[in-house]
Amino acid sequence: MTTGVAVTAGVGRVGDLLRGWRRRRGFTQLELALKADSSARHISFIETGRSVPSRSMVLHLAERLDVPVRERNALLVAAGYAPSYPETPLSAPAMAPVRTGLQQLLTAYEPHPALVMDGMYDVVAANRGVELLLDGVAPHLLRAPMNAMRLTLHPEGLAPRIRNLGEWRAHLLERLERQATLRASDALRELYEEVAAQPVPGDENPAPAPAPAPAPHPYALPLRIEVGGRVLSFLSTATTFNTPMDVTVSELAVETFLPADAETAAVLRELSPGGRSGARQPVQESGHAGDPAVLGERDHVEPGCRG
């Protein structure tokens, strides 16, 4: 499969698109002009079509407005220029250094769970630590492409075992809604509406009052999830590529789950390969989790499908 160039469908006039991005970011024309070392008059002329920005000006304004890499191509096309950023399938030979680096990173985090997601929160690779969390998840949620948001919030997914589901659900929905807004993505907005509408386990038949919850973590909200009859506590981090020059790379994120307490760290060591209990072998060819070698084997998503 060859490298393509991502262009969002339905590209409009560049001035209209830039105005939309400026308003989404909450900037006045003067504020954008100051950020871009320009003038409010010039910004106004670009937005109204009285002035056609140069290619470098389009990219300069896109950078100041933090426009996603995929949508920067749309701005260039609307201004009459060729797209600048290719969209290379993760399975392509040219992406071998990216795949290798991500595989090494996922392996290095074991036994702690870690996974790689694309811009739609579809999981493209995961390490053996993630495998420990998937016990009891409905098979239809594990079919490729496995979506991290659906997997976590669906009542047949991880949700029934998350002990602080209310807090964690609110955190994920806020994160997803923010990303949908920042990226102006209809696809992410649809995903948000889908997972937000999922029934919350326990709402219909409330359980007796639970025991007092542990004190809030002093650094960040933990994910508290039951695994094998024990409650594990994780702090999550998300890592992206700095200054990506490819659409595919720009939309990848590595999410890691680090132990929030000594008990969780001990359980992970115990359940990991070589520990006292051992661990289940990763799924080798399902395309959704397990060995990081599945990275890049999913079909390429065609340009324009992300909204």
Could you give me the radius of gyration and the Dmax of the range 4-115, taking only the C-alpha atoms into account and expressing both in angstrom? 18.2, 58
Cβ-placed point charges (K, R +1; D, E -1), dipole of the range 13-85 about Cα centre in debye, nearest 20: 120 debye
Could you tell me what % of all Cα pairs in the range 56-126 have separations over 14 Å? 69 percent
Per-pair calculated FRET efficiency, R0 = 51 Å: Ser54 and Ala170 via Cβ, rounded to 0.05: 0.70
Relative contact order of the range 131-198, pairs being alpha-carbon contacts under 8 Å that are 6 or more residues apart, as %: 26 percent
Run the quick spin-label model on Ser91 and Phe45: label points 7 Å from Cα toward the beta carbon, then report their separation in nm to one decimal. 5.0 nm
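Computed from the coordinates by the stated procedures, all read-outs in this text should not be read as laboratory data. Here the structure is a predicted model, which is why all the values come from computation and not from measurement. Neighbour counts are summed over all protein chains in view; Cβ atoms, including those assigned to glycine, are modelled from backbone coordinates with ideal geometry.
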